[in-house]
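Trainee: Supplied in structure tokens, the structure appears directly below.
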Ligand code: ATP
């Protein structure tokens, strides 16, 4: 991509909390019009990284440039071009949806019309309802609507669907994709790999304050060199025979790597049929007593595990 299309440049961002380094030199660039995902487990440093870019937290090292403005030196200019989704828990509960929109709109020199914004957020029917009576999904949509009042170029969404039910999550995904269609640049943090896969043009995988990989979802999964996973449990496994069993599994035709998660064995392969047939033959030969066998395509979760040795879902 051309450099003129760079909207965010995070350059060596560092954040210390006392002696603990929460963000350890994060570099990435975000391009105009893309949905850029920060994906990582709790505590990976996603929120801290976003807040340094938004100018809400001062970095201890590095700098962030947004739409050509340095977040440290030109915060006023940065604020004009960004929209930040507030945590919905911090909304004024007693106001109605429309009242809170009008109040926030009054903070800006100019703002977009409220009615169409409420329609876009599918909140028009709720405009006279009090915030405290909204569902979790409706509150999140209101928080996003508030972030859009100044018609920002760049929108920051910090874990927008955490705690929402699947239906509410999908409604929010549709809203995010519509914003992208309108040319907005969106930076989104999440610990749901499915969400990152569906929404993001590129994903920055973060762990323990660092970037572990950055690419399109497709290329990240491709980097595994295996497009399928075979999962199963085995009877009669103990500490003593574990190494021997793992050795046997590694010998299975076309298997690229073998992983064990709790008591589930995972074989990675890009020739599913060959590997599966060999596995079943060995099982029929009595060497391996398989149960709960299933196959699936490799996911971002697999990429994360192969790069960090940990699951996205663990603390
Ligand atoms: P989560 O999904 O839990 O929000 P995250 O990836 O957004 O995780 P951060 O919130 O950026 O991670 O936190 C990164 C690390 O910094 C965590 O270990 C967290 O406990 C710590 N941390 C965050 N804010 C502070 C603070 N104000 N003071 C001390 N430590 C903090």
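Trainee: Is it true that some residue in segment 156-173 is touching a strand residue (DSSP E or B) at 6+ places or on another chain (Cβ under 8 Å) and at pLDDT 95 or above?
Mentor: Taking every residue of segment 156-173 in turn, at least one turns out to be touching a strand residue (DSSP E or B) at 6+ places or on another chain (Cβ under 8 Å) and at pLDDT 95 or above.
Trainee: Looking only at segment 18-42, which residues are closer than 18 Å to residue 203 by Cβ and not in a strand (DSSP E or B)?
Mentor: Hits for segment 18-42 are 32, 33, 34, 40, 41, 42.
Trainee: Scan segment 16-26 and give yes if some residue there is away from the ligand (no atom under 12 Å from the Cβ), touching a helix residue (DSSP H, G or I) at 6+ places or on another chain (Cβ under 9 Å) and farther than 24 Å from residue 215 by Cα, otherwise no.
Mentor: no
Trainee: On to the next question. Residues that are under 15 Å from the mean Cα position of the chain (by Cα), in contact (Cβ under 8 Å) with a residue 24 or more places away in the chain and under 30 Å from residue 148 (Cα atoms), at least 1 per element: which strands (runs of 3 or more DSSP E) completely within segment 187-286 meet that?
Mentor: The strands (runs of 3 or more DSSP E) meeting that bar are 202-207, 210-215.
Trainee: Determine whether residue 264 is at pLDDT 90 or above, in contact with a strand residue (DSSP E or B) (Cβ under 7 Å, 6 or more places away or on another chain), surrounded by fewer than 14 Cβ atoms within 10 Å (Cβ to Cβ) and closer than 20 Å to residue 309 by Cα.
Mentor: yes
Trainee: Which residue is farthest from the ligand (Cβ to nearest atom), if the candidates are limited to segment 56-73 and must be crowded, with 23+ Cβ neighbours inside 10 Å and under 21 Å from the mean Cα position of the chain (by Cα)?
Mentor: Checking each candidate, the answer is 66.
Trainee: Scan segment 1-15 residue by residue and report those that are more than 9 Å from the ligand (Cβ to nearest atom) and in a strand (DSSP E or B).
Mentor: Of everything in segment 1-15, those that are more than 9 Å from the ligand (Cβ to nearest atom) and in a strand (DSSP E or B) turn out to be 6, 7, 8, 9, 10, 11, 12, 13, 14.
Trainee: Another question, if that's okay. Just one of (1) under 22 Å from residue 191 (Cα atoms); (2) away from the ligand (no atom under 16 Å from the Cβ) trips up residue 38, so point out which.
Mentor: For residue 38, the failing item is (2).
The values are calculated or read from the model by the stated rules, or taken from the named source; none is laboratory data. In this text the structure is predicted, and so the values were computed from the model without any measurement. Glycine also receives a Cβ, built like all others from the backbone with ideal geometry; neighbour counts cover every protein chain displayed.
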